Amino acid sequence: MKQQELIPHLFRTEYRKIVSVLCKRFGFGQIEIAEDIASDTFLTAAQSWPLNGLPENPVAWLYFVARNKAKNHLQRISVFESKVAPEVKREFSDQHLQEIDLSPQNINDSQLQMMFAICNPAIPPESQIGLSLRILCGFGIEEIADAFLTNKETINKRLFRAREKLREENIKIEMPHLSQIEERLEAVLTTIYLLFNEGYFSMSQNSVIRKDLCLEAMRLCNMLVENKITNKPAVNALLALMCFQASRFEARFDQNGQPVLYEEQDIELWNTELISKGGYFLNISSTGNTISKYHLEASIASWSTQKDDTREKWETVLYLYDLLLQIEYSPVAALNRIYALSKVKGKAEAIPEAEKLKMTDNQFYFTLLGELYTGVDREKSLQNFREALVLTKTETGKQAIQKKMQRI
Amino acid sequence: MNEFILIFRHQDGNKIASPEQIQIWMKQTMDWIGSITAKNKYVGGNGLPFQDAKVVRHKGLVTNGPFGEIKETIGGYVIVRADSVEEAVEFAKGCPVLQGEGNSVEVRKIAGGDGVH
């Protein structure tokens, strides 16, 4: 049976398109209905395809069914409105029953607009990610709960509140005004990067979901690159950054799911295609006259794809961290800067610099000190790693620290 | 050789699944049917969409159904050829519908023209 060779991820890729188009058509007031119709369409396919054979063009079949279900829905509203409230009948005339536009152009536009609508500052960041996963990535409630290490009820509540907020704030599914694009893009990029990091540093033991999160983030970013209006330098920089990071995906964990430290990774497993893609987008991003944090992080990440410790490498990385901290201070960047400092000026100079930070509630602070003291003071090194172990919540994180302790 | 109908009963047809999960479930169904077909025991089958479902009752009363009154819904059926009900039951055991807790597959012999029924 040839029909078993289904296009991988067909349902997931089409889900977001159908929801975006329908939601744009219905408005956020009826976002659940748009989601229901999309889910229902897949259920119908699952009931019919295995028994009747795959349709010749599965995607067209899905659109056809979704469109019919949507039309039925609109008709039902129309009947209800005309019977219950005759005075508003005119609103639900032909215009309301017009075709659901499933042209490639409208599908793409709707998805981009949906991205801007969901990444609205009015909604808390974790809800933005949740909604993105559900609506733009077609994740199930269970999968989202797994990615966030929480239960289904929490995710359902979070999504419910986020949808309420979209309604309350009367957020429209539309492109922001051209003058606002850069500003609004910032929120979209933040969510995409959070989504990526959720996958890259996820506590979930499910490696398939971890990888999917990263790939979805890259896909969303790619959509922004492919659109003229949103193809800005910072977008390319973020895509470059994610390509560089993702290039080590296969090397970061061994066959048993244990983390492999950077220094011990097998370079053969690094994805050279992604590394050169990263270089390509980083190159494109270096136009215009603003440097975003993504530019700097991508440049740092590009150096990480070269394993050899050269003076040039660490001097440049140190300089990049200095710039990054000026744009946006973050504890992790400050700690990483000191690691680069130790590579350039030696541990003796880096240790007091690190201890000045006094981030005694930060696991990475103690991990860094543990590393800096390695080969300098065995006792202090072990003591810091032990502190780090106490603060580390994830199993993978703990394993990584224990590996470092074994090496002392 | 008799024909048996395997009826899929779903306890809750409205469970939220991700598109990916539905797709996996669909592939399993295809594999399952493929394995029956490979033995030349598959006769046919179909899905029964919940949409546009009606129930016609005594004295011509028509309701939207079967929702509301019965929670359980029939999602589809397949017809297989089998030498015995035991063989048909073995086919039914492989049905992916059974992965859902509370779901069941009913196995019924289809009346043939053998004079017995």
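The values are calculated or read from the model by the stated rules, or taken from the named source; none is laboratory data. As the structure is a prediction and not an experimental result, all values here were calculated from the model. Backbone-built Cβ (ideal geometry, glycine too); neighbour counts: all protein chains shown.
Conditions tested, residue by residue: (1) surrounded by fewer than 20 Cβ atoms within 10 Å (Cβ to Cβ); (2) farther than 19 Å from A:I408 by Cβ; (3) in contact (Cβ under 8 Å) with a residue 12 or more places away in the chain.
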position: A:S292; (1), (2), (3): no, yes, yes
position: A:A298; (1), (2), (3): no, yes, yes
position: A:K307; (1), (2), (3): yes, yes, yes
position: A:V317; (1), (2), (3): no, yes, yes
position: A:V332; (1), (2), (3): yes, yes, yes
position: A:E353; (1), (2), (3): yes, yes, yes
position: A:E371; (1), (2), (3): no, no, yes
position: A:R378; (1), (2), (3): yes, no, yes
position: A:S381; (1), (2), (3): no, no, yes
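Tell me, please, whether a residue that is in a helix (DSSP H, G or I) and at the interface with chain B (Cβ under 8 Å from one of its Cβ atoms) can be found in region A:15-33.
Within region A:15-33, one or more residues are in a helix (DSSP H, G or I) and at the interface with chain B (Cβ under 8 Å from one of its Cβ atoms).
Checking A:A145 against (1) in contact (Cβ under 8 Å) with a residue 24 or more places away in the chain; (2) in contact with a Ser or Thr (Cβ under 9 Å, 6 or more places away or on another chain); (3) over 20 Å from A:A237 (Cβ atoms): exactly one of these is not met. Which one?
Condition not satisfied by A:A145: (1).
Just give me the residues in region B:1-56 being β-branched (V, I, T), part of a helix (DSSP H, G or I) and within 10 Å of chain A (Cβ to nearest Cβ), in sequence order.
Within region B:1-56, B:I22, B:I24, B:T29, B:I33, B:T37 qualify.
Answer with yes or no whether A:S292 is touching a helix residue (DSSP H, G or I) at 6+ places or on another chain (Cβ under 6 Å) and at pLDDT below 95.
yes
Looking at this structure, is B:G60 within 30 Å of A:R134 (Cα to Cα) and at pLDDT 80 or above?
No; evaluated as a whole, the condition is false for this residue.
Does A:E250 count as in contact with a Leu (Cβ under 6 Å, 6 or more places away or on another chain) and surrounded by fewer than 19 Cβ atoms within 10 Å (Cβ to Cβ)?
Answer is yes for this residue.
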